[in-house]
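**Q** Pasting in a structure now, in structure tokens, and then I'll have a few things to ask.
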Amino acid sequence: MIKTVQKKILWLCVFVTSFTYSQIPTYYDSIDFTQDSNSLRVDINTLLSNTLTNYVYYTSSSSTDVWDVVKISDLDPNDTTNQNVLLVYGYDDADGLSENDRTRNVNLSCHTSSCIGLWNREHVYPQSLGTYDADYPGIGTDVHNIRACDSQMNSSRSNRIFEDGTGNAHITSSGNWYPGDEWKGDIARILMYMEILYPANTWANQVGNSSNTYHTDMPDIFLQWNAEDPVSDYEILRNEHIFSIQGNRNPFIDNPYIATLIWGGPVAEDTWSTLSVAQVSQLDAISVYPTLTNEYLYITSDISHHFEYSIFDIIGKQLIHNTTNNNRVDVSNLSKGHYILHLKDNNLIKTIRFYKY
């Protein structure tokens, strides 16, 4: 059974790496991606909820459980023998330190109290920071949120919240967790999935040490990581396998640009090459001037005469939130310095930097 599934996974790997999305997949036929961001968020939540038809057990001796799924979903796509899983946060198989390993034999999973040199299951959104458990099939056993991880690396991460950094995975100077350059996009897309699907149980703001200059519900770092670290073949394969088990997908793996439509921020890749075209054209139709001012910013636009706007200082603190009056923004009460203006109209968000003298 396992060998048959692994052959299918190997075939799928070849298929995915040669496949280029040219249209929106049929899974999303019910979604209108041109609607405002709040409506889009609600509709995607409904889609993911309605198609999640099978939660597996966390651990079971008689039926499919999380171990069974992860031992296939987390296989290294570059390993033609299908004998090794990728370990989230890992980065070096050759330094002699098992904690840093990036891959490990799929059979070296930990089922005892002593797990050094073995891998176990990492909840990217920690159980302790959400309102869920893994005792019964449900949120705590949603495999989109669970990754293979070295047991010691898992302990090092613990329930530390995420923070920006560079290089390999490490505890930051403030005691938080940087997942590593290779993994930061994976982490962001998992947390976005959890935020969308389980809004009453998991919250991105609970697990990210970051400002919220783009959206109050989504820390800047996750939007940045989603844009900076493109979707890998491994993520695509993983999404497909979990889809075959649970029935639902992670939409931010299918197209990272969906995050841009919902929360704004740095523009992520539109892997379908269809969602961003109209928005870019509309954004180009919005102009803000002057960017060096003592009193007002003026807005010219063919698409709207009323924008919701926010002004942030350069460290990301929101100073003003209001709606434009006669397509102008009063900045006369700001102190001298550099600022960031966010204009929002439905799911359009334009960012402008300006200087108040």
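**Q** Suppose the filter is under 14 Å from the mean Cα position of the chain (by Cα) and either more than 27 Å from His321 (Cβ to Cβ) or modelled with pLDDT of 95 or more (or both); does Val143 pass it?
**A** Spelling it out, it is not the case that Val143 is under 14 Å from the mean Cα position of the chain (by Cα) and either more than 27 Å from His321 (Cβ to Cβ) or modelled with pLDDT of 95 or more (or both).
**Q** All but one of (1) exposed (fewer than 15 other Cβ atoms within 10 Å of the Cβ); (2) out of contact with any strand residue (DSSP E or B) (no Cβ under 7 Å at 6 or more places or on another chain); (3) at pLDDT below 80 hold for Leu348; which doesn't?
**A** Failed condition: (1).
**Q** Now, a different point. Output the number of the condition that Gly167 fails; it satisfies all remaining conditions of (1) closer than 23 Å to Arg104 by Cβ; (2) assigned to a helix (DSSP H, G or I).
**A** Condition (2) is where Gly167 drops out.
**Q** Turning to a different aspect of this structure: Kindly list, by first and then second residue, each pair from a residue in segment 23-50 that is farther than 22 Å from His215 by Cβ to a residue that is β-branched (Val, Ile, Thr), limited to pairs with Cβ atoms under 7 Å and residues at least 6 apart or on different chains.
**A** Final answer for the pair search is Gln23/Thr274; Ile24/Thr274.
**Q** For segment 168-177, does any single residue satisfy the condition of being buried (at least 19 other Cβ atoms within 10 Å of the Cβ), touching a residue at least 12 places away in the same chain (Cβ under 8 Å) and in contact with a His (Cβ under 9 Å, 6 or more places away or on another chain)?
**A** yes
**Q** What are the residues in segment 78-93 that are under 20 Å from Ser156 (Cα atoms) and in a loop (DSSP other than H, G, I, E, B), if any?
**A** Correct list: Leu87, Val88, Tyr89, Gly90, Tyr91, Asp92, Asp93.
**Q** Taking segment 158-167 as the region of interest, how many residues are surrounded by fewer than 22 Cβ atoms within 10 Å (Cβ to Cβ) and closer than 25 Å to Gly117 by Cα?
**A** Within segment 158-167, residues that are surrounded by fewer than 22 Cβ atoms within 10 Å (Cβ to Cβ) and closer than 25 Å to Gly117 by Cα number 5.
**Q** Right, something else. Would you pick out the residues in segment 66-77 that are closer than 18 Å to Ser244 by Cβ and part of a loop (DSSP other than H, G, I, E, B)?
**A** Listed by number, the residues that qualify are Asp74, Pro77.
**Q** For segment 202-287, list the helices (runs of 4 or more DSSP H) that sit wholly inside it and hold at least 3 residues that are more than 30 Å from Thr300 (Cβ to Cβ); which are they?
**A** 220-228, 233-246, 251-254
**Q** Right, here's the next one. If you check every pair at least six apart or on different chains, which have Cβ atoms under 9 Å apart with a residue in segment 93-108 that is within 11 Å of Asp150 (Cα to Cα) and charged (D, E, K, R) first and a residue that is at pLDDT 95 or above and surrounded by fewer than 11 Cβ atoms within 10 Å (Cβ to Cβ) second?
**A** Going by the 9 Å Cβ cut-off, the qualifying pairs are Glu99/Ile116; Asp101/Asp95.
The values are calculated or read from the model by the stated rules, or taken from the named source; none is laboratory data. As the structure is a prediction and not an experimental result, all values here were calculated from the model. Virtual Cβ from ideal backbone geometry, glycine too; neighbours counted across all protein chains shown.
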